[in-house]
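All remarks here apply to the structure that follows.
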Amino acid sequence: LQPLRHGLFNWYWIGQTLSAVGDGIFFATLSILILQRRDNPADLGLVLGAQSLAFAVSVLAGGVVADRFKRSNVMAAADLIRLVAVAGFMLPLIQAHLGLLVLCGVLMGCGQALFAPAQRALIPALVPNEVIQPANALITTSSRTAGIVGPAIGGVVVTALSVEWAFAIDLATFAVSVVTLLVVSRNLSSDTRSRPSTSFVDETLAGVRVVWQHRWVLAIIVQGAFQV
């Protein structure tokens, strides 16, 4: 719990933990929404597949963006993108058209791809070097726990109230995350490395080369990709 002694990390941790709970609520609620209100259960696979594909295609670019701009601001922008996507899923007009549901799924995946690389890259700016590992562990523990608690909350809220209420709670968690990230951004002089002089494409290729040179990283990526 050493990282919690650092004020900015506290803001970050609270916002990201609530946001992770909201992510769990979202997946449960989206599944219930599509299965209840559309005749074809395969539509759920198309929407979630579009989200996953958008993430996979965009995440390399997200890594480059996280190196070129203030990471707390990048994360806040990504949360706003996902907030818009969740709001879209709530609209009856979008619920009635599979293409619009898929588009919201793509928007959600792109927001996630912009968010994820900046999320871990921000931590070294919030805590001293000797606390980075406990900070990573705390974030991981919180997100894994939220992955269990979030869907359960989503199911309970949908059953007791409605799909719209569950989505509204998810929207609120994104809003809290944005606020906490803006607090971090305002009080942090810089959370990015010096602006690279190489092009966007060159930096992406450089990242691929680094992974290839560190085979243990490559092995973890291959294992994770197979698991997903």
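Which condition number does residue 38 fail, the rest of (1) touching a residue at least 40 places away in the same chain (Cβ under 8 Å); (2) within 21 Å of the chain's Cα centre (by Cα) being met?
Unmet condition: (2).
Taking the conditions exactly as written (touching a residue at least 40 places away in the same chain (Cβ under 8 Å) and open to solvent by 10 Å² or more (accessible area, probe 1.4 Å)), does residue 109 satisfy them or not?
Working: touching a residue at least 40 places away in the same chain (Cβ under 8 Å): yes; open to solvent by 10 Å² or more (accessible area, probe 1.4 Å): no.
No; evaluated as a whole, the condition is false for this residue.
State whether one or more residues within region 193-202 are at pLDDT below 85, assigned to a helix (DSSP H, G or I) and among the aliphatic types (A, V, I, L, M).
We begin by selecting, within region 193-202, every residue at pLDDT below 85; these are 193-202.
Okay, now just the ones that are also assigned to a helix (DSSP H, G or I), so 200-202.
Subset that is among the aliphatic types (A, V, I, L, M): 201.
Checked against the condition, which is being at pLDDT below 85, assigned to a helix (DSSP H, G or I) and among the aliphatic types (A, V, I, L, M), region 193-202 yields at least one hit.
Look through 50, 66, 28, 85 and report the one residue that is crowded, with 19+ Cβ neighbours inside 10 Å and within 13 Å of the chain's Cα centre (by Cα).
Numbers: 50 fails: within 13 Å of the chain's Cα centre (by Cα); 66 fails: within 13 Å of the chain's Cα centre (by Cα); 28 fails: within 13 Å of the chain's Cα centre (by Cα).
Only one candidate qualifies: 85.
Being open to solvent by 30 Å² or more (accessible area, probe 1.4 Å) and modelled with pLDDT of 90 or more is the filter here; which residues of region 53-63 pass it?
Within region 53-63, 53, 55 meet the criteria.
Looking at 93, 122, which is the one that is in a helix (DSSP H, G or I) and surrounded by fewer than 16 Cβ atoms within 10 Å (Cβ to Cβ)? Step through it out loud before you land on a result.
On the way: 122 fails: surrounded by fewer than 16 Cβ atoms within 10 Å (Cβ to Cβ).
The match here is 93.
Among the residues of region 36-53, which ones are assigned to a helix (DSSP H, G or I) and of a type in the set (Lys, Arg)? Give the derivation first.
If we filter region 36-53 for residues that are assigned to a helix (DSSP H, G or I), which is where we start, we get 36-37, 42-53.
Once the filter is applied, which keeps residues that are assigned to a helix (DSSP H, G or I) and of a type in the set (Lys, Arg), region 36-53 yields only 37.
Just one of the numbered conditions (1) among the acidic types (Asp, Glu); (2) at pLDDT 85 or above; (3) farther than 30 Å from residue 198 by Cα is not true of residue 79; which one?
Of (1) among the acidic types (Asp, Glu); (2) at pLDDT 85 or above; (3) farther than 30 Å from residue 198 by Cα, only one is false for residue 79: (3).
Being modelled with pLDDT of 90 or more, more than 18 Å from the chain's Cα centre (by Cα) and open to solvent by less than 60 Å² (accessible area, probe 1.4 Å) narrows it down to one residue among 157, 211, 183, 163; which is it?
Working: 211 fails: modelled with pLDDT of 90 or more; 183 fails: modelled with pLDDT of 90 or more; 163 fails: modelled with pLDDT of 90 or more.
Among 157, 211, 183, 163, only 157 is modelled with pLDDT of 90 or more, more than 18 Å from the chain's Cα centre (by Cα) and open to solvent by less than 60 Å² (accessible area, probe 1.4 Å).
The values are calculated or read from the model by the stated rules, or taken from the named source; none is laboratory data. Predicted model, so just to flag it, every value in this text is computed and none were measured. Virtual Cβ from ideal backbone geometry, glycine too; neighbours counted across all protein chains shown. Please note that ligands, DNA and RNA were not included when accessible areas were found on the heavy atoms of the full protein model with its side chains. Shrake-Rupley method; radii C 1.70, N 1.55, O 1.52, S 1.80 Å.
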